[in-house]
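Visitor: Okay, handing you the structure first.
The values are calculated or read from the model by the stated rules, or taken from the named source; none is laboratory data. Here the structure is a predicted model, which is why all the values come from computation and not from measurement. Note that we place each Cβ from the backbone using ideal geometry, even for glycine, and neighbour counts take in every protein chain shown.
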Amino acid sequence: MAISISIKKFKGREYVYIVDSYRDPVTKRPTSRTLVSFGSKEKLLAADPDAMSKVEQKLKELQSNSLAYSNTIEQRLRTGVVVSDAEFDRPPCLTCTPAVFHPIWEKLGMTSYFRNYRNNYKLDYDLDKTVFFSCISRLVKPASKLSCWRHRHSFITDFSDVDLQKMYDSLDVLADRKDQIIKRLNSSIDSLYERDLTVALYDVSTFYFESFNEGDLRRRGMSKEHRTQETQVVLGLLIDSEGVPFTYELFPGNTAEVNTLMQVINKFRRQYKIKDVIVVADSGLNQLINLDSLQKEGMRFIVGYPPYVKLTAKKQQEFLDEQGWQWLNSADNDRWGYKMMSLDINKKVNDPVSQQKKKVEFSATCIGTFSQHRFNHDLRELNLKWNRAVNLVGRGKSAVAAATRSGYRAFVKVDTTKAELNQKLYDKRKRWCGYCALLTNIENPNPEFVYKKLRQLWRIEDNFRMLKTNLEARPVFVWTDKHIRGHFVLNYIALVMQKILLKTLRDKGLDLSAAEVIDALESMKISRLQGLKKANNNLYSCSNIDALAASAKNEDGESKTLKELCNEILLACGAKPLNSLETASTIRTKLKLKLPMH
């Protein structure tokens with residue numbers, strides 16, 4: 001950039017300007033733009049003999065004062081636009097969302113990893129850009145690979161050279177390098193914040209295909225989404241206490257969830273070389289064979305333990321006995337209590353590996369809890385089902401026979417002559433309203449600490465919800481085993497990026513949902529101004545959709561606009577909000593863009 005005085009002749013007269021010489025960021029050629037126009041030199045001197053000295057003073061001001069220079073540029077941009085007579089098509093509306101995620105992509109080590117892989121294996125396409133685009137598509141416009149590719153021109157960053165076939169080819173790379181990619185992600189996350197490696201939360205979910213054809217991975221099994229006809233895969237996910245994933249494993253769709261735990265846990269321990277870890281899981285994974293394996297590996301566990309299912313009749317009576325309960329008042333005015341009971345486990349169970357009976361023997365502590373809030377919720381849900389069962393029985397046996405196997409159907413008994421209500425089951429369920437329990441092998445456990453850790457399982461449910469809704473990881477639209485595995489690596493990377501962004505915003509005081517973040521970022525539309533003269537051919541118009549955020553509020557309790565939220569997100573991520581009119585260079589500077597612009 002060089003600012004100088006320019007005197008140009010036109011029809012025998014001299015005209016005075018202050019111009020800025022620079023290199024056009026688009027064409028890469030030297031060019032210039034007028035900062036200040038003073039008009040005819042003859043008229044200037046006639047009006048003020050000292051006019052040229054004042055022009056030189058203005059020149060020095062612009063050279064030494066960056067704020068004055070910026071204000072002058074903005075003023076010239078707003079007033080100096082000259083429209084061409086030529087006809088132009090309407091420009092596309094672009095969004096800046098990739099600009100927010102790309103720094104996270106780099107911090108997670110993905111750029112260096114995929115570039116090194118491309119160089120080492122002599123790939124003929126940009127693997128880094130292809131995988132990054134695929135991840136961004138899952139975060140913003142999740143759909144099939146073909147549909148994502150069709151929308152590659154939607155962003156301010158230029159993805160026009162991304163090839164559809166290479167998107168599929170990259171899935172093979174992801175499938176082959178899954179463990180190395182997860183290792184690189186974890187290494188990078190460890191440098192971003194201090195992870196708690198003493199607690200790991202684990203759960204399992206299923207992801208279906210809209211297909212009936214089975215393969216090595218695609219199998220029919222126990223679907224958590226009641227998709228009993230379609231094939232599926234089983235995914236076991238392990239996360240830290242912040243809700244950021246540690247690792248995952250993909251299993252055939254007919255795999256029992258209880259058989260997945262130790263494979264994922266052992267891989268996690270080998271990677272981090274740790275021995276002391278508390279594994280937290282829900283009641284579906286607390287089969288004794290798993291707990292025995294954790295115990296023998298020297299690991300501690302906290303698992304859900306439904307007392308009316310797991311405890312013997314004698315222990316259930318002891319559990320409900322008022323003696324031994326400790327009562328507290330929580331911050332939300334909930335009457336909360338707990339009771340601790342020692343349990344000696346001594347049983348023979350089926351070993352899924354050897355397919356033989358195996359003796360399981362260890363001691364643990366059962367911690368029962370009661371919550372008045374939970375009691376009110378449980379009783380309300382129970383009575384809702386009971387009233388539906390009463391209504392169903394009142395309509396006769398034929399109506400009962402035609403009813404689906406919904407939750408309330410359990411309260412109806414049917415024999416050869418009549419249908420009647422199962423009062424005994426209702427009384428039993430009512431007796432256990434408000435109660436739950438957990439099992440742990442932690443020595444001298446603090447009940448509130450242990451219960452709090454179990455309650456963190458909502459974080460892993462949140463991960464599965466994001467995978468299935470925000471990222472639309474299912475239904476799966478690829479069919480080969482390698483592409484299926486690559487598809488889930490892609491979704492895993494996108495999930496980690498989303499979780500890191502949410503944590504970054506949360507640390508800056510913005511507690512937002514993933515959907516709200518994407519809505520806010522996508523609300524800003526950037527369009528290149530068409531039909532301008534050469535001096536202004538890199539101007540962009542920036543606008544926002546006029547809408548309110550779903551839940552974000554300002555200090556007055558009023559809903560924030562998506563524009564406000566978008567600006568706050570950009571600032572929290574180290575970028576700057578865009579003005580209504582920007583140049584290519586100012587957009588690159590404010591958004592810290594490293595990828596080429598569209």
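Visitor: If P445 satisfies every condition in (1) in a loop (DSSP other than H, G, I, E, B); (2) without any contact (Cβ under 8 Å) to a residue 40 or more places away in the chain but one, which is the exception?
Guide: Evaluating P445 over (1) in a loop (DSSP other than H, G, I, E, B); (2) without any contact (Cβ under 8 Å) to a residue 40 or more places away in the chain leaves (2) as the failure.
Visitor: Which ones in the stretch 120-137 are in a helix (DSSP H, G or I), more than 21 Å from the chain's Cα centre (by Cα) and surrounded by 14 or more Cβ atoms within 10 Å (Cβ to Cβ)? First the steps, then the outcome.
Guide: Taking the stretch 120-137 as the starting set, the residues that turn out to be in a helix (DSSP H, G or I) are 120-121, 127-137.
When the remaining residues are screened for being more than 21 Å from the chain's Cα centre (by Cα), the result is 120-121, 127.
L127, the sole residue that qualifies.
Visitor: Related question: Looking at T260, T312, T231 in this structure, which one is surrounded by fewer than 19 Cβ atoms within 10 Å (Cβ to Cβ) and of a type in the set (S, T, Y)?
Guide: Only one candidate qualifies: T312.
Visitor: Please pick out the residue among D216, D240 that is acidic (D, E) and in contact with a helix residue (DSSP H, G or I) (Cβ under 6 Å, 6 or more places away or on another chain). Break it down into steps so the answer makes sense when it comes.
Guide: Details: D240 fails: in contact with a helix residue (DSSP H, G or I) (Cβ under 6 Å, 6 or more places away or on another chain).
Sole residue among the options that is acidic (D, E) and in contact with a helix residue (DSSP H, G or I) (Cβ under 6 Å, 6 or more places away or on another chain): D216.
Visitor: While we're on this one: Give the stretch 289-298 a look and list any residue that's surrounded by fewer than 21 Cβ atoms within 10 Å (Cβ to Cβ) and out of contact with any helix residue (DSSP H, G or I) (no Cβ under 6 Å at 6 or more places or on another chain), or say none.
Guide: Selection gives I289, D292, Q295, K296, E297, G298.
Visitor: Of all residues in the stretch 359-384, how many are surrounded by fewer than 17 Cβ atoms within 10 Å (Cβ to Cβ), within 27 Å of E297 (Cβ to Cβ) and not charged (D, E, K, R)?
Guide: 2
Visitor: Right, here's the next one. When you go through (1) in a helix (DSSP H, G or I); (2) under 34 Å from the mean Cα position of the chain (by Cα) one by one for V390, which number turns out not to apply?
Guide: Single failed check for V390: (2).
Visitor: Moving to a separate point now. Going through the stretch 334-358 one residue at a time, which ones are of a type in the set (A, V, I, L, M) and either in contact with a Leu (Cβ under 8 Å, 6 or more places away or on another chain) or surrounded by 14 or more Cβ atoms within 10 Å (Cβ to Cβ) (or both)?
Guide: M340, M341, L343, I345, V349
Visitor: Mind checking whether some residue in the stretch 219-232 is under 20 Å from I182 (Cβ atoms), aliphatic (A, V, I, L, M) and in contact (Cβ under 8 Å) with a residue 12 or more places away in the chain? First the steps, then the outcome.
Guide: As a first pass, look at the stretch 219-232 and keep what is under 20 Å from I182 (Cβ atoms): none.
No, the stretch 219-232 has no match at all.
Visitor: Now, a different point. Mind checking which residues of the stretch 264-289 are free of Cβ contacts under 8 Å to residues at least 40 places away in the same chain and outside any helix (DSSP H, G or I)?
Guide: If the condition is that a residue be free of Cβ contacts under 8 Å to residues at least 40 places away in the same chain and outside any helix (DSSP H, G or I), then K273, K275 are the ones that fit.
Visitor: If we only count helices (runs of 4 or more DSSP H) wholly inside the stretch 138-229, which ones have 2 or more residues that are β-branched (V, I, T)? First the steps, then the outcome.
Guide: Working: elements: 145-150, 164-176, 178-192.
In the stretch 138-229, 178-192 are the helices (runs of 4 or more DSSP H) which contain 2 or more residues that are β-branched (V, I, T).
Visitor: Let me ask something additional. Counting residues that are touching a Lys or Arg at 6+ places or on another chain (Cβ under 9 Å), at pLDDT 85 or above and closer than 30 Å to F132 by Cα, which helices (runs of 4 or more DSSP H) fully inside the stretch 1-119 reach at least 1? Quick ask: steps written out before the conclusion?
Guide: Numbers: elements: 41-47, 51-64, 66-79, 97-107.
Of the helices (runs of 4 or more DSSP H) lying wholly inside the stretch 1-119, those with at least 1 residues that are touching a Lys or Arg at 6+ places or on another chain (Cβ under 9 Å), at pLDDT 85 or above and closer than 30 Å to F132 by Cα span 97-107.
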